[in-house]
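The values are calculated or read from the model by the stated rules, or taken from the named source; none is laboratory data. Quantities reported herein were computed from a predicted structural model and do not represent experimental measurements. As a convention, Cβ positions derive from the backbone with ideal geometry for all residues, glycine included, and neighbour counts pool all protein chains shown. Accessible surface is based on the protein model in full, side chains and every heavy atom, while ligands, DNA and RNA are left aside. Shrake-Rupley method; radii C 1.70, N 1.55, O 1.52, S 1.80 Å.
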Amino acid sequence: MANKRDLKKDINYVLGDIIEAVYLWELENPNKDNKSGEAIIDEAITSFDGFMARANERSLENTKKHFRSLRDDLEKTATELVKKVNAL
């Protein structure tokens, strides 16, 4: 099990890369509507806030189970966001 610092870095890198992909798409397609891209960025930021709050929880019964579920949720959320980016 990796430590909490590595988990926080993973959350930051994964969601940051998704946001960066949306910005790159917006730069490559200046004539297209950016509202769908902005919605994906807003969703990524909201997810980031939620994941960081969950990562910073102090009183946990089973930390290993908590962080495993957090990683699984991060993977699922990232996959959904990437699908939305690819659909732009």
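Leaving ligands and nucleic acids out of the surface, order Arg58, Arg68 by accessible area at 1.4 Å, largest first.
Listed by decreasing accessible area, they come as Arg58, Arg68.
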Heads up, I need the accessible area for Val85: 1.4 angstrom probe, whole protein in place, Å², nearest 10. 20
Any idea of the accessible area per residue across the chain, 1.4 Å probe, to the nearest Å²? 69
Cα to Cα, under 24 Å, and not fewer than 8 places away if on the same chain: which lysines meet these conditions relative to Lys35? Lys76, Lys83, Lys84
Note down the accessible area of Lys65, probe 1.4 Å, to the nearest 10 Å². 130
Solvent-accessible area, 1.4 Å probe, carbon plus sulfur percent, for the chain: 50
Taking springs between alpha-carbon atoms closer than 10 angstrom, which of Ala53, Ala44, Ala78 fluctuates most in the Gaussian network model of the chain? Ala53
Out of these labelled values of Cα extents along the principal axes in Å, (i) 43, 28, 16; (ii) 51, 18, 17; (iii) 35, 22, 16, which was calculated from the coordinates shown here? (ii)
Per-pair calculated FRET efficiency, R0 = 35 Å: Glu61 and Leu88 via Cβ, rounded to 0.05: 0.30
I'd like the distance between the alpha-carbon centres of the range 31-66 and the range 7-24, rounded to an integer number of Å. 10
Computed helical MRE - 222 nm, the chain, DSSP H runs ≥ 4 contributing -39500 (n - 2.57), nearest 500: -28000 deg cm²/dmol
